[in-house]
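The values are calculated or read from the model by the stated rules, or taken from the named source; none is laboratory data. All of these numbers come straight from a predicted model, not from anything done at the bench. Here Cβ is always computed from backbone atoms with ideal geometry, including for glycine, and neighbour counts include all displayed protein chains.
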Amino acid sequence: MSTGIPSRIGRPGSDWREQLATVCDLMRDVSRETDPQAMVARYGAGMKRVVPRDRLVALSRRGLEAPWYRITRSDLWDEPIDPWAHPERLPLLDRGLLGELLHAGEARVLSDLRVPADDPGAPYFEGMRSAITIPTWDGGEVLNMVVMMRRDADGYEPDDLPQAVWMANLFGRATRNLVLSNQLDAAYARLDEELRVVADIQRSLLPAELPAIEGLDLAAHYETSRHAGGDYYDFFPLAGGKWGILVADVCGHGTPAAVLMAITHSLAHTYPGTEPCPAGLLTYVNRHLASRYVEKGAFVTAFFGVYDPQTRTLAYSSAGHNPPRVKRCSDGRLFALEDGRSLPLGVLPDIAYETARVTLEVGDQVIFYTDGITEARGGEDGSDLFGIERLDAVMEDCSISSQGLIDTVLASIAEFAGDRPADDDRTMVIARVT
């Protein structure tokens, strides 16, 4: 069966089976290369066994205006130059036969070469009497060209051109793709490193250790779905031995959410006064977020509570956040802190938040969490959510510590989600009244 591609190119008298074996070995070796320079070198050495030549020179006009061009490869060089890593080292020429051939952008057979001594490219033609020019296209333009030469006149025939052009362009496209792939990998590596730095900065904004609050057994868990995330928790020492507990969740994921999380952290820590009421702090943060920082469609949910160890009272206010769950172990009741709830932060600047109160009892377990916990996905297609019911079921055990409860919740989520990675950041703060 004919492929429609002339097959004259090859060493005279060579059998097609020999040529096929040579080409297959070459393609296998080339496919293993991950460095474009090494791939080109291997391909060039291999093709010399398939396409007869005594010399090769490669040209490029990428990024140059006529009549300028660069020599990118030559058999005359003692050491090859990597054209992608060191383009500044490539010879830069103008005019001459090589420039005319490249800028003409045509496949040609030159049967009787005679190049004047003053031609800028004369050294590359010295001793050669015939050549073929093989243009390669990129974006519909001839940006590169390979010139293969022989010492004898009439070393090539027009029938040689179709297959030579076809093979060179396929390999040129493969090389270009490998270059772009390596550049993309390098860009991703730089971005990944930057995101790791952002994540480290973000984590430095979280409490380095949990505070010792009288009468509370505390534990916390913080997990981002990417390097950086938008969840946030914090503790604020207040006058009279009171403590502020803040849990927040920025809409979205990744670096934009991490930046808004950092802004929220800064605003919360610049709230004037040493004894903030929950509604006052949320009103302050919301006014600044909505008027200065938050773009349309972005927002922050937050729950801020002030705990008084002397009275075991938790005063709290919520900006659209998931209501914390309270397990009253003295009678088995389980309820949510749903009062004092209003719109998320950053939506409207003039919201006046309200403060609600609850008196906790010894043995109560309070779980503050972000929606990455209850919205963890499971099931075959990931459409099932972990949900409030499963969270409540985990809280039935009143005999374990706060850290033990966190471990149990995470184990339950892992069993539910299986191998599915987290789609959202997951944060929990658990306070057990002792």
**Complete:** Matching residues in segment 81-99 (free of Cβ contacts under 8 Å to residues at least 12 places away in the same chain and surrounded by 17 or more Cβ atoms within 10 Å (Cβ to Cβ)) number 1
**Single condition residue 81 does not satisfy, out of (1) in a helix (DSSP H, G or I); (2) more than 19 Å from residue 173 (Cα to Cα); (3) not small (Gly, Ala, Ser)** = (1)
**Prompt:** Is it true that some residue in segment 231-247 is surrounded by 12 or more Cβ atoms within 10 Å (Cβ to Cβ) and part of a helix (DSSP H, G or I)?
**Reply:** yes
**Request:** Answer yes or no as to whether residue 220 is crowded, with 19+ Cβ neighbours inside 10 Å and in a helix (DSSP H, G or I).
**Result:** no
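Quick grid of which residues meet (1) surrounded by 16 or more Cβ atoms within 10 Å (Cβ to Cβ); (2) modelled with pLDDT under 95; (3) within 15 Å of residue 162 (Cα to Cα):
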residue	(1), (2), (3)
101	yes, no, no
112	no, yes, no
130	yes, no, no
134	yes, yes, yes
137	no, yes, yes
140	no, yes, no
**Request:** Search segment 59-70 for residues that are not assigned by TED's automatic domain parsing to the domain that holds residue 119 and pair each with any residue that is assigned to a strand (DSSP E or B) when their beta-carbon atoms are under 9 Å apart and the residues are at least 6 apart or on different chains.
**Result:** none
**Subset tally (residues that are exposed (fewer than 15 other Cβ atoms within 10 Å of the Cβ) and either modelled with pLDDT under 90 or in a loop (DSSP other than H, G, I, E, B) (or both)) for segment 402-429** = 5
**Message:** Condition first: surrounded by fewer than 19 Cβ atoms within 10 Å (Cβ to Cβ) and under 21 Å from residue 230 (Cα atoms). Now tell me which residues in segment 378-401 satisfy that.
**Reply:** 385, 387
**Message:** Based on this model, can you work out whether residue 255 counts as among the polar types (S, T, N, Q), part of a helix (DSSP H, G or I) and surrounded by 21 or more Cβ atoms within 10 Å (Cβ to Cβ)?
**Reply:** no
**Every pair of residues 6+ apart whose Cβ atoms lie under 6 Å, when the first sits in segment 349-374 and is within 15 Å of residue 321 (Cα to Cα) while the second is of a type in the set (Lys, Arg)** = 367/325; 372/426; 373/426
**Prompt:** So which residues in segment 356-370 are surrounded by fewer than 18 Cβ atoms within 10 Å (Cβ to Cβ) and of a type outside the set (A, V, I, L, M, F, W, C)?
**Reply:** 357, 359, 361, 363
**Prompt:** Got a sec? Which strands (runs of 3 or more DSSP E) wholly within segment 89-171 have at least 1 residues that are polar (S, T, N, Q) and out of contact with any Phe, Trp or Tyr (no Cβ under 8 Å at 6 or more places or on another chain)?
**Reply:** 130-138, 141-150
**Message:** Considering only residues that are in contact with a Gly (Cβ under 9 Å, 6 or more places away or on another chain) and under 15 Å from residue 316 (Cα atoms), which ones fall in segment 346-356?
**Reply:** 353, 354, 355, 356
**Request:** Collect the residues in segment 335-360 that are touching a Ser or Thr at 6+ places or on another chain (Cβ under 7 Å) and either on the phi > 0 side of the Ramachandran plot or not in a strand (DSSP E or B) (or both), keeping them in residue-number order.
**Result:** 340, 344, 349, 351, 352, 353, 354, 355
**Asked** Among the residues of segment 310-333 satisfying the criterion of being among the hydrophobic types (A, V, I, L, M, F, W, C), modelled with pLDDT of 95 or more and out of contact with any Pro (no Cβ under 7 Å at 6 or more places or on another chain), which is surrounded by the fewest Cβ atoms within 10 Å (Cβ to Cβ)?
**Response** 326
**Request:** Inspect segment 220-239 for any residue being at pLDDT below 95 and at positive phi and give the result as yes or no.
**Result:** no
**Item:** Criterion (farther than 14 Å from residue 279 by Cα and of a type in the set (Gly, Ala, Ser)) met by exactly one of 315, 319, 376, 352
**Value:** 376
**Fill in**
Scanning segment 1-56 for residues that are surrounded by 14 or more Cβ atoms within 10 Å (Cβ to Cβ) and among the polar types (S, T, N, Q), the one modelled with the highest pLDDT turns out to be 37
